[in-house]
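Student: My questions will all concern the structure given below.
The values are calculated or read from the model by the stated rules, or taken from the named source; none is laboratory data. Predicted, not measured: the structure shown is a model, and the values here were computed from it. Here the Cβ is made from the backbone with ideal geometry for all residues, glycine too, and neighbour counts use every protein chain on show. With ligands, DNA and RNA removed, areas are computed over all heavy atoms of the protein, side chains included. Shrake-Rupley method; radii C 1.70, N 1.55, O 1.52, S 1.80 Å.
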Amino acid sequence: MVSLWQKNMKMTFTKTTEQSSKYEHLEKMSVQELLSNINQEDKTVPMAVEKALPQIESLVAEIVANMKLGGRLFYIGAGTSGRLGILDASECPPTFGVPFDFVIGLIAGGDKAIRRAVENAEDNTTQAWIDLQKYNINENDVVVGIAASGTTPYVIGGLKACNENNITTGSISCNEGSPLSHTAKFPIDVVVGPEFVTGSSRMKAGTAQKLVLNMISTATMIQLGKVKGNKMVDMQLSNSKLVDRGVKMIMGEIPVSYEEAAELLAKYGSVRKAVDNF
């Protein structure tokens, strides 16, 4: 049964991400013209994100509160949106030293969809909840649905199931007043307008989503004490570049030589522990 809101939504909701590009005859443009025009469009994205800062703040505050209670952060999405969520989640452990199951990214169609599109995966309204249940999701967790259009069934269905089970929900969409935004308890709308190539939401919409995800994970981890000063003191020492960075961080905190700092880092395995135990 279609609700009154759904009927009204169909009349008033406009997918600006699907509106025609303001540029015509792209195939006749030179490389310089293409790059310049794409760059001009990209410049508008940070301004669109700025308008959404109050919404982003509300969601981050909720995520921090829940994580302090032992909760986790989940991203769910399809296509580009799903891949961006997975990217952000996968970078949290090496950057902030958190467990790999602390921030989790899920994509419609499963891991194989990271590299190749899985036909009809995003149209399944029940699969996201099935995917989330594999992680024993609970009321302390937060699930953020990501969909440029704000209409992806996989994402909306997942958030609806979370709402029904008292799990906090957020969203990132690039269309104002979308079904996804109306479903999430803490929606974020970053309205970037039509794409340079009509409907190609991997462009401005994708950039906007990446910027917002950067804000969400970084601000959350800082609030949880994973950064000291402006340094990633809990980062994983997974390569020589990061080891060198860690050594220099230690030198900046305590009066030791490079060699002494390297020895401390090797002994304690993290910048934070090396400095705290000096």
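Student: Per residue, how many Å² of accessible area does the range 17-97 show with a 1.4 Å probe? Please list the in-between numbers first.
Tutor: Details: 4200 Å² over 81 residues.
Normalised by residue count, the accessible surface of the range 17-97 is 52 Å².
Student: Hey, what number do you get for the chain at 222 nm if only DSSP H runs of n ≥ 4 count, each worth -39500 (n - 2.57), divided across all residues, to the nearest 500?
Tutor: My calculation for the chain gives -15000 deg cm²/dmol from helical runs alone.
Student: Also: Rounded, prolate or oblate: pick one for the range 1-122, where a ≥ b ≥ c are the square roots of the eigenvalues of its C-alpha gyration tensor, a/c under 1.5 means rounded, and failing that, prolate if a/b is larger than b/c, else oblate.
Tutor: Details: a/c = 1.64, a/b = 1.36, b/c = 1.20.
Verdict is prolate for the range 1-122.
Student: Is the shape of the range 166-240 best called rounded, prolate or oblate, per the rule: a/c under 1.5 gives rounded, else a/b larger than b/c gives prolate, else oblate, with a ≥ b ≥ c the square roots of the Cα gyration tensor eigenvalues?
Tutor: On the way: a/c = 3.21, a/b = 1.61, b/c = 1.99.
Verdict is oblate for the range 166-240.
Student: Given H placed 1.01 Å from N in the peptide plane, which residues other than close sequence neighbours of Ile188 have an amide H under 5 Å from its amide H?
Tutor: Amide H to amide H, under 5 Å and 5 or more residues apart or across chains, Ile188 pairs with Ser171, Ile172, Ser173.
Student: Please list, by residue number, everything in the range 121-152 whose backbone N is under 11 Å from a paramagnetic label point 7 Å out along Cα→Cβ of Asn166.
Tutor: 139-140
Student: Please check the chain for the longest run free of GluC sites (Glu not before Pro) that are loop-located per DSSP (anything but H, G, I, E, B) and have at most 10 other Cβ atoms within 10 Å.
Tutor: No qualifying site falls inside 120-278, the longest such stretch.
Student: To continue, here is another question. Taking the Cα centre of the range 1-128 as origin and charging only Cβ (+1 Lys, Arg; -1 Asp, Glu), how large is the dipole, in debye to the nearest 20?
Tutor: 260 debye
Student: Shape call for the range 114-184 from the C-alpha gyration tensor, a ≥ b ≥ c root eigenvalues: rounded (a/c under 1.5), prolate (a/b greater than b/c) or oblate?
Tutor: It comes out oblate by the Cα gyration axes.
Student: Next question, about the same structure. If you take the beta carbon distance between Lys43 and Val197 as r and set R0 to 25 Å, what does 1/(1 + (r/R0)^6) give as a FRET efficiency, to the nearest 0.05?
Tutor: Between Lys43 and Val197 the formula returns 0.90.
Student: If you don't mind, another one. Residues of the range 149-183 with the amide nitrogen closer than 13 Å to a label point 7 Å from the Cα of Asn136, along Cα-to-Cβ, please.
Tutor: Answer for the range 149-183: none.
Student: Can you tell me what share of the DSSP beta bridges in the chain is antiparallel? A percent to the nearest 5 is fine.
Tutor: Details: 1 of 20 bridges.
So the antiparallel bridges amount to about 5 percent of the total.
Student: Okay, next question. Quick check for you: with a 1.4 Å probe and neighbouring chains kept, what is the accessible area per residue of the range 178-276, in Å²?
Tutor: Accessible area per residue: 47 Å².
Student: Could you pull out the pairs from Lys68/Lys185; Lys28/Lys51; Lys43/Lys241; Lys15/Lys160 whose alpha carbons sit more than 29 Å apart here? Kindly include the intermediate steps, with their values, before the conclusion.
Tutor: Working: Lys68/Lys185 19 Å; Lys28/Lys51 34 Å; Lys43/Lys241 32 Å; Lys15/Lys160 21 Å.
Those over the limit are Lys28/Lys51; Lys43/Lys241.
Student: For Ala65 and Leu53, compute 0.36 nm times the residue count separating them, minus their Cα-Cα distance, and round to one decimal in nm.
Tutor: Full extension of this stretch gives 2.5 nm more.
Student: For the range 131-198, what % of the accessible area comes from carbon and sulfur atoms, probe 1.4 Å?
Tutor: With neighbouring chains kept in place, the figure for the range 131-198 is 43 percent.
Student: Which trypsin sites (Lys or Arg not before Pro) from the range 54-152 combine a DSSP loop assignment with at most 15 other Cβ atoms within 10 Å?
Tutor: For trypsin sites (Lys or Arg not before Pro) across the range 54-152 that sit outside H, G, I, E and B with at most 15 neighbouring Cβ atoms in 10 Å, the list reads Lys68, Arg115, Arg116, Lys134.
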